[in-house]
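This report refers to the structure that appears directly beneath it.
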Amino acid sequence: MKVITTPINDLYIIQPNIFEDDRGYFYESYNKVTFEKLGITKDFVQDNQSLSQKGVLRGLHFQNPPFAQGKLVRAIKGSILDVAVDIRKNSTTYGHHFDIILNETNKTMLWIPEGFAHGFLTLEDNTIFSYKCTNVFNKESEDSIIWNDTTLDIKWGINAPNLSQKDKTGKHFKDFESMF
């Protein structure tokens, strides 16, 4: 596996070694020993998967401490624009975001540690998105920042995504009080 740093500390792009031949491909999407050598020492306790049609935007979600989650995210099928926002108030990149295209062709993953809000936009129909979490879901700890916050200025490339009711009512970043 190859780890690529991003402009935001502790947020990593992970490119697995892919073995392809005329039968198809194989790659290891997670190996605890390999990840520990890369410096990612968190234990994963929950795996999640979603199916979304083109134009669905989910996020910007996070869980507050003590149920904060780190996430290892990837697109199994289709493609997404994945976005992570640093909400660690003592970070030099607080309020900055990073975006990347994750898809079934590049098989790239993104490690998002605790202290980040996360969201994604599906770019193709029938996109399957998968993520490993370092903590279990806790309804009372969940929170969100509105996807189109003008302070964050994320270039989603869409004006009217398909949103859940929850994602229509996220907090504005200027009104947000980080617990990280």
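Every read-out reported here was derived from the displayed coordinates using simple, explicitly stated rules and does not represent laboratory data. Remember, predicted model here, so these are calculated numbers, not experimental data. Every residue, glycine as well, gets a Cβ built from its backbone with ideal geometry; the counts of neighbours run over all protein chains shown.
Here's the list of aspartates and glutamates a cross-link from residue 168 could span, going by alpha-carbon distance under 14 Å and ignoring same-chain residues fewer than 8 apart: 143, 149.
Neighbour counts of other C-beta atoms within 10 Å: give me 109, 179 arranged from fewest to most.
Least crowded to most crowded, the residues run 179, 109.
Under 16 Å from a point 7 Å along the Cα-to-Cβ line of residue 21: which residues of the stretch 81-114 have their amide N that close? Answer for the stretch 81-114: none.
Were the residues from residue 166 through residue 30 laid out at 0.36 nm apart, the gain over their Cα-Cα distance would be 45.9 nm. Using the beta-carbon distance between residue 137 and residue 53 and R0 = 25 Å, what value does 1/(1 + (r/R0)^6) give for FRET efficiency, to the nearest 0.05? Calculated value: 0.60. Adding -39500 (n - 2.57) for every DSSP H run of four residues or longer, then dividing by how many residues the chain holds, sets the calculated 222 nm ellipticity at -1000 deg cm²/dmol. Gain on full extension, evaluated as 0.36 nm per residue between residue 94 and residue 5 minus their Cα-Cα distance, stands at 30.4 nm. Computed extension gain for residue 13 through residue 128, at 0.36 nm per residue and net of the alpha carbon distance, reaches 39.5 nm. Taking GluC sites (Glu not before Pro) in DSSP loop conformation with at most 12 other Cβ atoms inside 10 Å as exposed sites, the chain has its longest uninterrupted site-free stretch at 29-176.
Each Lys and Arg adds +1 at its Cβ and each Asp and Glu adds -1 at its Cβ; summed about the Cα centre, the stretch 2-175 shows a dipole of about 200 debye.
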